Structures are given as structure tokens and as C-alpha cells.
Amino acid sequence: MDQKPLVVVSGATGAQGGSIANSLLDTGRYKVRALTRNTNSDKAKALASKGAEVVKFDITVKEDIKSALSGADIAWLVTSFFDKSLLDTGLGEEERLGKLFADIAKEEGVNWLIYSSLPDSTADSGGKYPDVIQFAGKNHVEQYIRTLGINSTFVYLGFYNQNLGTHTPLIPNENGEIEIALPYLEENDQLPVIDVDSDTGPIIAKIIEEGPTKWNGKKVPVAAEYVTMKHIADVLTKVTGKTYKIKTLDDEGVAEKIPNKNNEQIKQMFKFEKEFGLFGTDNEVKDISIAKKLLPNIKTFEQYALETYGKA
């Protein structure tokens, strides 16, 4: 009997990795090695109960990367720029560790590396927005992986619907309305959106099923649709019965309403998204029709909002 391919999933208790690990386990076609800092978390225990091999993993430890990738056929890599242990070391640490992971994947004979990337915001903006390191650094890792001569695919996630109310504050105002507070983005600006929890995993599982011959070197956007900021507010108004409004913040507004985003790195990110779009200038990434082909029932923002806020 053929042995099931072993897929290593980093960030397996996070948004992207969790969705992927669960989807791969649901297919029954793969062995899943789920990498996480905390093997005792509820999410880690749930993965273990579904049959995953849950492994304690710290990307800053070279030996952890080596043992995580030992014997693996396929690896999914997602890194977080805002991981405190990386930030404490320096701004280039996410990029350095992404490249190290890729080097070790090659050394260990991993057949296919699937990497969660983002646009090179510095190059796309002609140097206008040089500080969006959480985008450009990931893209530098992608560019590096392409030089290694291993099968590789690059996945670009849209704006998570789940960011609303977490990273994107919903602030009640004195008129009883709820303001969606966004730096610089106005009603007619668009974002590609995705239900990261439900739809990332099935798309990656489908790519893996179709194989590296089809997907080697490709960029795959994971987004259901492009929506305007006004559409987001209108849909939330419709499904909750409360009035939602877009609150476009200028520099002063960011400092006052969302002080945790009052730094050049985050402000330039929103300015880049307003001017060039979340996916930047690359036409391969901007064409999100590919996501719908991989997952025909991919969830629209309105479907997500009905499920999430409709009971509110």
C-alpha cells in the first residue's frame, strides 16, 4: 500500500496553518505534522485528536526546523513579522528565518515548499513605501526560494474577514452608529477579502492534490472577491440592523483612535494598499478568479457576515 505523503504545516494553530492542517486531515490522504509553539493549547490537542503529529516548534531554533522537516514530502511555511520573539531580534529576522527554513527544506529533500507570501511593496511603489517590511520581507523570501531549484508555490492571502473587530476596530459613536476605523482607506477603496478560517485550507488542499507539476513557480491569490469599504459597511448594516459607517482616519485620527497602529510601518502599509491595492501591481496575484476555480463555494463577504454577525 502506498504511504501517505507527509505534509509539514507551520503555524498549525494559527489562522492560515490551522485551516490547512484541518483540511488536509479531513481528506484522509495525508500524514500531517503540525508545528506549534504550544502543544498543550486546545487547538493543538484538537489536531492531535484528529490524527496529526503535533510537534513543539520554534522557528528561531535551527535544530527545530531540521527535525520538523525530516522525512517530509511537502511543507507549508507561514511566518509572522509581528511575532514578538522575532521582532525583539530585529526587523530583518522574519526574512532571515524564512530563508533558513527554505535552505533546510532543500537540504532535507522536501519535494515541495508552499509559502505564504505578500507583494514587494518597496519595489511595487518605486521606493515610495520602503517601511512595509512585513510585506517586502516576505517577498524577498519568495524571490530567494525561487533560486533554490526546489518545487515551490506562493500563496497570497487577502484581507481576513476575521480582522473586523480585532485588528480593525469597530467603534460605537455618539449617534449610535458603529464606525469601522481605517487609516486612509475611503468608501470606494477596495480590498480582496477571505474567510481565512474556512476557505484557506480547502484551497491549499486542492493545490496539493493537483500536485507540484501544475503549481510549481505559480502565485496563487486566496481571496473570494474584491469589495469596497462601503460594501463592508452596507453588508454589516444589512445583517445586524445596526448602522455601520467607514471612518477614514488621517494621521491625527490614527494617533487618537488606534494608537497601536501609529507607526510608519503600519501607516505606509495602508497607504500602499490604498494606492496599489493589497496585492500590489502583479497581475498574476490580482487575478483572484483562480481561487474560485479551486474552491467553487468560496464564501463571499456577505455569507461570512450572515454567519458571523447575523445572530447579533
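A few notes on this one:
- Kirkwood radius and radius of gyration were both taken over the C-alpha atoms of region 190-312, and their ratio Rg/Rh is 1.03.
- Rel. contact order, % - alpha carbon contacts under 8 angstrom, at least six apart, the chain: 17 percent
- Difference of contour (0.36 nm per residue) and Cα-Cα distance, ARG96 to ALA48: 14.3 nm
- Computed 3J(HN,Hα) for region 73-78, one whole-Hz value per residue from the Karplus formula 6.51 cos²θ - 1.76 cosθ + 1.60 where θ = phi - 60°, is 8, 9, 9, 9, 10, 10, glycine and proline marked x.
- Evaluating 6.51 cos²θ - 1.76 cosθ + 1.60 at θ = phi - 60° for every residue in region 53-60, the Karplus couplings come out as 8, 8, 10, 5, 9, 10, 5, 7 Hz, glycine and proline recorded as x.
- Net charge in the neighbourhood of SER152 (other residues with Cβ under 11 Å of its Cβ; Lys, Arg +1, Asp, Glu -1) is +3.
- Placing +1 on each Lys and Arg Cβ and -1 on each Asp and Glu Cβ, with no other charges, gives the chain a dipole about its Cα centre of roughly 880 debye.
- Shape category assigned to region 115-232 from the gyration tensor of Cα positions, a/c cut at 1.5: oblate
- Net length available on complete extension from ASN263 to GLU63 is 68.5 nm, with 0.36 nm assigned per residue and the Cα-Cα distance removed.
- Spatially proximal aspartates and glutamates relative to LYS62 (Cα-Cα < 15 Å; intrachain offsets below 8 disregarded): GLU93, GLU94, GLU95, ASP103, GLU107, GLU108
- Cross-link table LYS84/LYS257; LYS219/LYS293; LYS56/LYS106; LYS230/LYS274; LYS214/LYS293; LYS84/LYS218, entries beyond 26 Å C-alpha to C-alpha: LYS84/LYS218
- 10 Å beta-carbon shell around ASP195, net charge (K/R +1, D/E -1): -2
- For region 149-249, the list of GluC sites (Glu not before Pro) that fall in a loop by DSSP and count at most 11 other C-beta atoms within 10 angstrom reads GLU174.
- Dipole axis of the chain (+1 Lys, Arg; -1 Asp, Glu on Cβ), positive-most option in ILE208, GLY310, GLY126: ILE208
- Charge tally in the Cβ shell below 15 Å around SER49, where Lys, Arg are +1 and Asp, Glu are -1, SER49 excluded: 0
- Rounded to the nearest 20 debye, dipole of region 219-312 from Cβ charges on Lys, Arg, Asp, Glu: 380 debye
- Debye-formula intensities of the chain, expressed as log10 I(q)/I(0) at q = 0.08, 0.14 Å⁻¹, are -0.36, -1.13 (one equal scatterer per alpha-carbon, no solvent).
- Its Cα centre serving as origin, region 8-139 has a Cβ charge dipole (Lys and Arg +1, Asp and Glu -1) of approximately 420 debye.
- Residue (of THR240, GLY51, GLN190) at the positive-pole extreme of the chain, dipole from beta-carbon charges: GLY51
- In region 1-41, the alpha-carbon atoms span a convex hull of 66 Å³ per residue.
- Value of D in µm² per second that Stokes-Einstein yields for region 94-168, Kirkwood Rh from Cα pairs, at 25 °C (0.890 mPa s): 181 µm²/s
- Cα-Cα pairs of region 1-141 separated by more than 27 Å (percent): 22 percent
- Across region 112-125, coupling constants 3J(HN,Hα) worked out from phi with the 6.51/-1.76/1.60 Karplus curve, θ = phi - 60°, read 8, 10, 10, 10, 8, 10, 8, x, 7, 5, 5, 5, 4, 8 Hz, and Gly and Pro carry x.
- In the complete set of protein chains, residue-level accessible area for SER85 is approximately 50 Å², probe 1.4 angstrom.
- Listed residue (ILE20, PHE82, TRP112) projecting farthest to the positive dipole end of region 5-123, Cβ model: ILE20
The values are calculated or read from the model by the stated rules, or taken from the named source; none is laboratory data. For clarity, every value in this text was computed on a predicted model and none was experimentally measured. Every residue, glycine among them, receives a Cβ derived from its backbone with ideal geometry; neighbour counts consider all protein chains shown. Accessible surface is based on the protein model in full, side chains and every heavy atom, while ligands, DNA and RNA are left aside. Shrake-Rupley method; radii C 1.70, N 1.55, O 1.52, S 1.80 Å.
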